[in-house]
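The values are calculated or read from the model by the stated rules, or taken from the named source; none is laboratory data. Computed from a predicted structure; not experimentally measured. Cβ atoms come from the backbone with ideal geometry, glycine included; neighbour counts cover every protein chain shown.
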């Protein structure tokens, strides 16, 4: 047997004609015009614009103390790295909301690899390994980062709500990662604490925590929908 | 086996609210979807349910397909998740029934109604390999289309298909 013979070997069973007619009648009855979702490229640009806008708003609200004290070299390394990570997360978020899209990477792997890359950039730039007031200052940054992730998360939801996630957990994780990058960008613009462990621990933690929140939200709403289906 | 561009045209008209186009699309694509479900671990009755559920999801998500993109990966991405969701739901129902009625012999996926050798061999394959093989050889999709439908890479699809062919050949020759 060769693989080419498989279609011939398998019995050519067809669905019941009455069933197909019933499905077709039900679908035709509800066939109203729909506006196709925008092209993936446009959605990615919209997401990145939303992230830039919320980051700028966050920086303006809290003060651009961090970016003012950073050297040009550090700025030239940190923000392009953040932008690259955000671009990949935006692509992953858009693809997760479109059935049959190319999946270039799994959202969980993207989140882990992106955080590791950013950590490497931070280790390369900053040299102060002292801890200082590690926990109190860290909690302030973590809270601010998570708070400023929320507007980006809201923008993601607004832009992608017309999508259709076949894998809700992956879609939630990708969207949460993207939202977390909004919070991280605000912290890099605002925070003037350049201790390595502070940045690598508390700033970067915003991304996985936000991703986790996105995943949990997707799981929760998915469970509610499944429960509703079970009750039918 | 490959759908002609006409299928994509029908989908565009369906998005525009043309009921006749949706009917034509369902009539054209239902046989291959049905075969896809039937060749997996479900009976005829469950294949009917999955077919209905798939078209319901297609209807809900029809705006997410864009003209110019291949239709089959989009359709099969929905279909395979219908199957996965159905499997999970069946397991939950089965668990509840077990708790209440203590009927361990009652299975959510009933015994198959027909077991030709090839189907039995297909059932022996790991789910991911069987799915790839059916999409490639029964639904006539390309490797790239299968990769899109399953959310994996083309390399992974090739590898799964190769392993599935090897196993089928071995079983068939033994």
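Picking from residues in region B:157-166 that are within 11 Å of another protein chain (Cβ to nearest Cβ) and surrounded by 15 or more Cβ atoms within 10 Å (Cβ to Cβ), the one that is modelled with the lowest pLDDT is B:165.
Restricted to region B:15-30, and to residues there that are buried (at least 22 other Cβ atoms within 10 Å of the Cβ) and more than 7 Å from chain A (Cβ to nearest Cβ), the residue that is farthest from the chain's Cα centre (by Cα) is B:25. Are any of the residues in region A:175-196 farther than 16 Å from residue A:60 by Cβ, within 14 Å of chain B (Cβ to nearest Cβ) and in contact (Cβ under 8 Å) with a residue 12 or more places away in the chain? No; the residues of region A:175-196 include none that is farther than 16 Å from residue A:60 by Cβ, within 14 Å of chain B (Cβ to nearest Cβ) and in contact (Cβ under 8 Å) with a residue 12 or more places away in the chain.
Condition (residue is within 11 Å of the chain's Cα centre (by Cα) and at the interface with another protein chain (Cβ under 7 Å from one of its Cβ atoms)) applied to region B:41-57: is it met by at least one residue? Yes, some residue in region B:41-57 is within 11 Å of the chain's Cα centre (by Cα) and at the interface with another protein chain (Cβ under 7 Å from one of its Cβ atoms).
Working carefully through the options B:130, B:169, B:148, B:114, find the one that is outside any loop (DSSP other than H, G, I, E, B), over 17 Å from residue B:33 (Cα atoms) and either at pLDDT 70 or above or within 11 Å of chain A (Cβ to nearest Cβ) (or both). Testing whether each residue is outside any loop (DSSP other than H, G, I, E, B), over 17 Å from residue B:33 (Cα atoms) and either at pLDDT 70 or above or within 11 Å of chain A (Cβ to nearest Cβ) (or both) leaves just B:169. Only helices (runs of 4 or more DSSP H) whose full extent lies in region A:58-163 are considered here, and none of them has at least 2 residues that are touching a strand residue (DSSP E or B) at 6+ places or on another chain (Cβ under 7 Å) and either free of Cβ contacts under 8 Å to residues at least 24 places away in the same chain or within 14 Å of chain B (Cβ to nearest Cβ) (or both). Does residue A:46 satisfy the criteria of being more than 14 Å from every other protein chain (Cβ to nearest Cβ), surrounded by 12 or more Cβ atoms within 10 Å (Cβ to Cβ) and under 22 Å from residue A:147 (Cβ atoms)? Taking the combined requirement at face value, the residue does not satisfy it. For region B:80-97, the criterion of being modelled with pLDDT under 90, buried (at least 16 other Cβ atoms within 10 Å of the Cβ) and either in contact with a helix residue (DSSP H, G or I) (Cβ under 7 Å, 6 or more places away or on another chain) or not in a helix (DSSP H, G or I) (or both) is satisfied by at least one residue.
Within region A:17-32, the residues that satisfy the criterion of being more than 7 Å from chain B (Cβ to nearest Cβ) and either part of a loop (DSSP other than H, G, I, E, B) or surrounded by 12 or more Cβ atoms within 10 Å (Cβ to Cβ) (or both) are A:21, A:22, A:25, A:26. Within region B:44-57, residues that are in contact (Cβ under 8 Å) with a residue 40 or more places away in the chain reach partners that are surrounded by fewer than 16 Cβ atoms within 10 Å (Cβ to Cβ) with beta carbons closer than 7 Å, at six or more positions or on different chains, in the pairs B:44/B:113; B:46/B:109.
If the condition is being in contact with a helix residue (DSSP H, G or I) (Cβ under 6 Å, 6 or more places away or on another chain) and either outside any helix (DSSP H, G or I) or more than 9 Å from chain A (Cβ to nearest Cβ) (or both), then region B:133-145 contributes B:135, B:139, B:141, B:143.
Condition test on residue A:215, is it surrounded by fewer than 20 Cβ atoms within 10 Å (Cβ to Cβ) and assigned to a helix (DSSP H, G or I)? Considered against the rule, which asks whether it is surrounded by fewer than 20 Cβ atoms within 10 Å (Cβ to Cβ) and assigned to a helix (DSSP H, G or I), residue A:215 comes out as no. Taking the listed residues A:118, A:70, A:51, A:82, the one that is buried (at least 18 other Cβ atoms within 10 Å of the Cβ) and under 18 Å from residue A:158 (Cβ atoms) is A:51, with no other qualifying.
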